[in-house]
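To start, the structure under review is shown below, and the notes come after it.
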Amino acid sequence: TRIREISRQETHDIYQLRGYLEEIATQLIPPDKLKVGIDSIDALQAEMRIAAQAGDMDSFARSNTQFHRSIVKMASNQVLLKVWDSFEIGMRSRLNVERKAGRLLALAEVHQPIVDALKLGDLQRTGRLLREHAFSILRTD
């Protein structure tokens, strides 16, 4: 097992790229993929809310990671998904959740406008919300 320190600069760089990457991903989602995938994304947001209410940081981080990954995966661009996966978002999400343990419910609710925009098929707004969400982590880091 190899353990390494994650620098503030690396975290900043990853979340900056993640914001843009998720914004690009939304622009590449075909309508049929959105129609098929929206229910699972809505369910993942509900799982985040339930985990937040229970104070279950592990479940929250898992649902959060799956929520974002599912949106990127809908883009049907395997290179984009591989790049997103290389950011190790699951591990980073868990670390971020630990720092914000007292604000899990607010963090869960931040995802509702993203779900709402997806349901409306407003992919430009969805992309902007995802970028702003990733960038908000930069401001609180």
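Which aspartates and glutamates, on any chain, are close to LYS73 with Cα under 16 Å apart, when same-chain ones fewer than 8 places away are left out?
Here the aspartates and glutamates satisfying the reach criterion relative to LYS73 are GLU22, GLU23, ASP32, ASP39, ASP42, ASP85, GLU88.
Suppose each label sits 7 Å from its Cα in the direction of the beta carbon; what would the ASP85-ASP122 distance come out to in nanometres?
Result: 3.3 nm between the two label points.
Note the full-extension length gain between ALA106 and GLU10 as 0.36 nm times their separation in residues minus their Cα-Cα distance, in nm to one decimal.
Between ALA106 and GLU10, full extension yields an extra 32.0 nm.
None of the figures in this text is laboratory data; all of them are computed from the coordinates on show. Just so we're clear, the structure is a prediction, and the values are computed from it rather than from any experiment. Don't worry about glycine lacking a Cβ; one is built from the backbone with ideal geometry, like all the others, and counts go over all protein chains shown.
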